[in-house]
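Structure below; questions to follow.
The values are calculated or read from the model by the stated rules, or taken from the named source; none is laboratory data. This one's a predicted model, so the numbers in the text were calculated from it and none came from an experiment. FYI the Cβ positions are ideal-geometry reconstructions off the backbone, even for glycines, and counts take in every protein chain you see.
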Amino acid sequence: MNNRFEGKVALVVGGANADESHLLGFAGLSALEIARSGGKIIIGDIDDEAGNRSVDKMKKAGLTAKYVHMDVTSESDWSATVEMTLSLYGRLDIMIMAAGIPDRGETIDTTEVDKWRQVMDVTNLGMFLGTRAVVGPMRKNGGGSIVLISSMMAKVVRDQANAYATSRAGMTHFARSAAVQYGPDNIRVNTVLPGWTLTPFTSNAFDAEWMERLAKRVPLRRVADASDIAGPILFLASDEAKYVTGSELLADGGVTGWIGPMD
Ligand SMILES: NC(=O)c1ccc[n+]([C@@H]2O[C@H](COP(=O)([O-])OP(=O)(O)OC[C@H]3O[C@@H](n4cnc5c(N)ncnc54)[C@H](O)[C@@H]3O)[C@@H](O)[C@H]2O)c1
């Protein structure tokens, strides 16, 4: 164990999949690594089974972690979670916001209005409420790091999943404006833009054949796993990125820079 996050308190929202005996999510793995590197963790999510299981395992391993049920679209859930973090650990230094839901297969014509609102709310209302909820305590500490998990879909689009792509583009732009507003408080706000990654979010859609097809479109010739994305998240969360704010960190294996195979 290194001490990269010694003394830091991190709220990781959408990080329930942090149990290594199951498929990891990348926010989940980031939470696990922060705890292993000396940090104290709160995981917020709506998946109570995965969240409780992950935190039980962390505690058995001697790590400092707590799970709380919270819905990112609820302002009162955010304030209760932040209050609980402060009463448990006395401070808040890092917030990673990774909650997301898909609208795979939907075109503009087929997307129900409720589905559009749901996708936009989880991502865009979630990042807005979350940022507002954490900046107060971060200011008191003399700074902090907010990492918003966007997607390479903020840069490119498909012939479907319009709400998802639109919400992700909004996320990267929101991070820029938050970086400007909170820069004087030494609060950094950045986005990570993951490419295709095998996690619980994609495991239903990514069978072996589909992953092989996707890999041909990736310059690095493979679909990512959680560790490929946790590295960039942890970099932005850490003091190694102390002069990085308002930035987008693409972790897509090169996909968005490539026009695709020419044959
Ligand atoms: N896996 C990929 O290929 C990929 C690529 C780009 C972006 N992303 C995004 O990365 C993020 C993390 O996903 P992951 O792939 O690590 O999978 P994941 O399933 O581990 O993470 C998503 C989490 O969000 C939680 N969540 C959903 N709605 C919520 C709500 N209203 N309130 C609180 N939590 C909620 C889920 O319960 C889940 O634990 C997601 O936003 C996803 O859209 C994933």
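Does THR191 qualify as being of a type in the set (Ser, Thr, Tyr), farther than 21 Å from ILE94 by Cβ and within 13 Å of the ligand (Cβ to nearest atom)?
For THR191, the condition - of a type in the set (Ser, Thr, Tyr), farther than 21 Å from ILE94 by Cβ and within 13 Å of the ligand (Cβ to nearest atom) - is not met.
List the pairs whose first member sits in segment 17-31 and is charged (D, E, K, R), whose second member is more than 9 Å from the ligand (Cβ to nearest atom) and outside any loop (DSSP other than H, G, I, E, B), and whose Cβ atoms are under 6 Å apart, counting only residues at least 6 apart or on separate chains?
Going by the 6 Å Cβ cut-off, the qualifying pairs are ASP19/ARG53; ASP19/SER54; ASP19/LYS57.
Let me ask something else. If ALA175 satisfies every condition in (1) at pLDDT 95 or above; (2) surrounded by fewer than 20 Cβ atoms within 10 Å (Cβ to Cβ) but one, which is the exception?
Evaluating ALA175 over (1) at pLDDT 95 or above; (2) surrounded by fewer than 20 Cβ atoms within 10 Å (Cβ to Cβ) leaves (2) as the failure.
Sort out which residues of segment 158-174 are free of Cβ contacts under 8 Å to residues at least 12 places away in the same chain and over 18 Å from LYS115 (Cβ atoms), and write them in order of number.
Once the filter is applied, which keeps residues that are free of Cβ contacts under 8 Å to residues at least 12 places away in the same chain and over 18 Å from LYS115 (Cβ atoms), segment 158-174 yields only HIS173.
Follow-up question, since we're still on this one. Among (1) within 12 Å of the ligand (Cβ to nearest atom); (2) of a type in the set (A, V, I, L, M); (3) in a strand (DSSP E or B); (4) without any contact (Cβ under 8 Å) to a residue 60 or more places away in the chain, where does ILE41 come up short?
The number of the failed condition is (1).
Being buried (at least 17 other Cβ atoms within 10 Å of the Cβ), on the phi < 0 side of the Ramachandran plot and touching a residue at least 60 places away in the same chain (Cβ under 8 Å) narrows it down to one of PRO194, PRO137, so name that one.
On the way: PRO137 fails: touching a residue at least 60 places away in the same chain (Cβ under 8 Å).
Checking each option against the conditions leaves just PRO194.
Additional query: For segment 117-133, how many residues are away from the ligand (no atom under 15 Å from the Cβ) and of a type in the set (Phe, Trp, Tyr)?
0
Looking at this structure, is ASP109 farther than 19 Å from PHE201 by Cα, in a loop (DSSP other than H, G, I, E, B) and not β-branched (Val, Ile, Thr)?
Considered against the rule, which asks whether it is farther than 19 Å from PHE201 by Cα, in a loop (DSSP other than H, G, I, E, B) and not β-branched (Val, Ile, Thr), ASP109 comes out as yes.
For THR85, indicate whether it is more than 15 Å from the ligand (Cβ to nearest atom) and either surrounded by 20 or more Cβ atoms within 10 Å (Cβ to Cβ) or at pLDDT below 95 (or both).
It is true that THR85 is more than 15 Å from the ligand (Cβ to nearest atom) and either surrounded by 20 or more Cβ atoms within 10 Å (Cβ to Cβ) or at pLDDT below 95 (or both).
Then there's this: Pull up segment 50-65, narrow it to residues that are within 16 Å of the ligand (Cβ to nearest atom) and crowded, with 19+ Cβ neighbours inside 10 Å, then point me to the one that is nearest to PRO137 (Cα to Cα).
ALA65
Answer yes if at least one residue in segment 13-30 is in contact with a helix residue (DSSP H, G or I) (Cβ under 8 Å, 6 or more places away or on another chain), assigned to a strand (DSSP E or B) and buried (at least 24 other Cβ atoms within 10 Å of the Cβ), and no otherwise.
Scanning segment 13-30 turns up at least one residue that is in contact with a helix residue (DSSP H, G or I) (Cβ under 8 Å, 6 or more places away or on another chain), assigned to a strand (DSSP E or B) and buried (at least 24 other Cβ atoms within 10 Å of the Cβ).
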